[in-house]
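Q: First the structure, then my questions, so here it is.
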Amino acid sequence: MIPAAFSYTRPASLAEALSLLAGASDGTKVINGGQSLLPLLKLRVAEVDRLIDIGRLGELQGIRPGADGGLVIGGAVPYTAVLASPLVAERCPLLAETIADIGDVQVRNRGTLGGSVAHADPASDLPAAMLALDASFVTRSSAGERVVAADGFFHGAFETDLRPDELLMELRIPGLAAGTGTAYRRLAQPASGYSLVGVAAVVRTDAGRVVDARVGITGVGEVAYRARAVETALLGGSSVADAAAHAADGQVVASDIHADAEYRGAMAVVFTRRAIEAATVRAG
Ligand SMILES: Cc1cc2nc3c(=O)[nH]c(=O)nc-3n(C[C@H](O)[C@H](O)[C@H](O)COP(=O)(O)OP(=O)(O)OC[C@H]3O[C@@H](n4cnc5c(N)ncnc54)[C@H](O)[C@@H]3O)c2cc1C
């Protein structure tokens, strides 16, 4: 289908983009890689009066080292740049593992990390990894900057902490302590490739005992979440299988034509176990 008419502006600077957003009406929206927004416009699920294209702003580009062995990734960096980055491979292999199978080449060339996080699709892969990595997001509006923890950023399906006049400037990922292993395991819907269940695990061990664990799950609840009951069980000495059994605790498990709640809940347990097992092996 053809989208309803809208105007298009490509600001030349961040300051211009922020001032356009500051006085914007409800019908104004930011476009980044366009991989989620354009299909919605074409299907007329969403309508806008004006698009502000932030995809080429220099301030939203780049992958650089963060403090303590971490990473800082610009909000308009596409998946392919992350996959090609030696710095990401060295400091945060979980990130590359999580996004390697997203969409196809075109989606990975155009789709951005900032766009994925801002869109908060309940089946997006990246939010699970952001939660497990304890990432935070830097937002900016003409009123100033905020740093928002991933844990708390995702309010619900397609709802985040981002305000209408804010841009997601960068994703900050802390470094991993020695003895930490990470893994992402997903069950993809065969036709769309989207995750029915996606589980990111970050596990630190000491002398074979789990001393730190964070698990982020996508595709199962209304939006990606931290599986705290799983983490608590692991830290309490439960077996991986017993801990994984809590994967969907506290969630209203999604049910749709692709997977009913019973199947999705069961797969959440299976893929949580697999992700934790793989991360634990990698922790050494
Ligand atoms: C065929 C196909 C298959 C896909 N498969 C998968 C998959 O398997 N797994 C998966 O996780 N995803 C999948 N995706 C979704 C894809 O990952 C996202 O569309 C993409 O990452 C979103 O980034 P974008 O830059 O294209 O965002 P856009 O489409 O440009 O924007 C999405 C939303 O975020 C807002 N936004 C974007 N950037 C910012 C910013 N910096 N600050 C504030 N707001 C912002 C926009 O206003 C818009 O509301 C698929 C998409 C397609 C088309």
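The values are calculated or read from the model by the stated rules, or taken from the named source; none is laboratory data. Values in this document were obtained by computation on a predicted structure and should not be read as measured data. Because the Cβ atoms are built from the backbone with ideal geometry, glycine has one as well, and the counts that use them run over all protein chains shown. The accessibility values were calculated without ligands, DNA or RNA, using every heavy atom of the protein model including side chains. Shrake-Rupley method; radii C 1.70, N 1.55, O 1.52, S 1.80 Å.
Q: Give the range 121-140 a look and list any residue that's more than 8 Å from the ligand (Cβ to nearest atom), outside any helix (DSSP H, G or I) and open to solvent by less than 10 Å² (accessible area, probe 1.4 Å), or say none.
A: Within the range 121-140, 133, 135, 137, 138 meet the criteria.
Q: Also, quick follow-up: Where in the range 199-284 are the helices (runs of 4 or more DSSP H), entirely inside, with at least 1 residues that are of a type in the set (S, T, N, Q) and surrounded by fewer than 16 Cβ atoms within 10 Å (Cβ to Cβ)?
A: The qualifying helices (runs of 4 or more DSSP H) are 228-235.
Q: Between a residue in the range 179-194 that is over 30 Å from residue 69 (Cα atoms) and touching a residue at least 40 places away in the same chain (Cβ under 8 Å) and any residue that is open to solvent by 70 Å² or more (accessible area, probe 1.4 Å) and within 12 Å of the ligand (Cβ to nearest atom), which pairs come within a Cβ distance under 9 Å, given they are 6 or more apart or on different chains?
A: 188/101; 188/194; 193/101; 193/104
Q: Taking the options 13, 19, 36, name whichever one is within 11 Å of the ligand (Cβ to nearest atom) and of a type in the set (Gly, Ala, Ser).
A: 36
One line per residue, one yes/no per condition, for (1) outside the structural domain of residue 130 (by TED's automatic domain parsing); (2) among the acidic types (Asp, Glu); (3) closer than 30 Å to residue 36 by Cα; (4) at pLDDT 95 or above:
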position	(1), (2), (3), (4)
186	yes, no, yes, yes
197	yes, no, yes, yes
206	yes, yes, no, yes
213	yes, no, no, yes
217	yes, no, yes, yes
220	yes, no, yes, yes
227	yes, no, yes, yes
235	yes, no, no, yes
241	yes, no, no, yes
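Q: Taking residue 88, is it β-branched (Val, Ile, Thr) and more than 8 Å from the ligand (Cβ to nearest atom)?
A: Criteria met by residue 88.
Q: I need a count of the residues in the range 1-39 that are more than 12 Å from residue 52 (Cα to Cα), among the β-branched types (Val, Ile, Thr) and either in contact with a strand residue (DSSP E or B) (Cβ under 9 Å, 6 or more places away or on another chain) or at pLDDT 95 or above (or both).
A: Counting residues in the range 1-39 that are more than 12 Å from residue 52 (Cα to Cα), among the β-branched types (Val, Ile, Thr) and either in contact with a strand residue (DSSP E or B) (Cβ under 9 Å, 6 or more places away or on another chain) or at pLDDT 95 or above (or both) gives 0.
Q: Evaluate the range 158-173: report whether one residue or more is of a type in the set (Val, Ile, Thr), crowded, with 16+ Cβ neighbours inside 10 Å and more than 10 Å from the ligand (Cβ to nearest atom).
A: Looking through the range 158-173, at least one residue is of a type in the set (Val, Ile, Thr), crowded, with 16+ Cβ neighbours inside 10 Å and more than 10 Å from the ligand (Cβ to nearest atom).
Q: Being surrounded by fewer than 22 Cβ atoms within 10 Å (Cβ to Cβ), touching a Pro at 6+ places or on another chain (Cβ under 6 Å) and closer than 30 Å to residue 5 by Cα, is that true of even one residue in the range 47-59?
A: Scanning the range 47-59, I find no residue that is surrounded by fewer than 22 Cβ atoms within 10 Å (Cβ to Cβ), touching a Pro at 6+ places or on another chain (Cβ under 6 Å) and closer than 30 Å to residue 5 by Cα, so the answer is no.
Q: Is it the case that some residue within the range 182-194 is among the aliphatic types (A, V, I, L, M), within 15 Å of the ligand (Cβ to nearest atom), open to solvent by 50 Å² or more (accessible area, probe 1.4 Å) and over 18 Å from residue 96 (Cα atoms)?
A: The answer is yes; a qualifying residue exists.
Q: Considering the range 83-101 alone, what residues qualify as being small (Gly, Ala, Ser) and surrounded by fewer than 16 Cβ atoms within 10 Å (Cβ to Cβ)?
A: Of everything in the range 83-101, those that are small (Gly, Ala, Ser) and surrounded by fewer than 16 Cβ atoms within 10 Å (Cβ to Cβ) turn out to be 84, 89, 100.
Q: Residue 112 is checked against (1) within 8 Å of the ligand (Cβ to nearest atom); (2) in contact with a Leu (Cβ under 6 Å, 6 or more places away or on another chain); (3) not aromatic (Phe, Trp, Tyr) and fails just one. What number does that condition carry?
A: (2)
Q: Criterion first (acidic (Asp, Glu), within 7 Å of the ligand (Cβ to nearest atom) and either modelled with pLDDT of 95 or more or buried (at least 18 other Cβ atoms within 10 Å of the Cβ) (or both)) does residue 104 satisfy it?
A: Yes: the conditions hold for residue 104.
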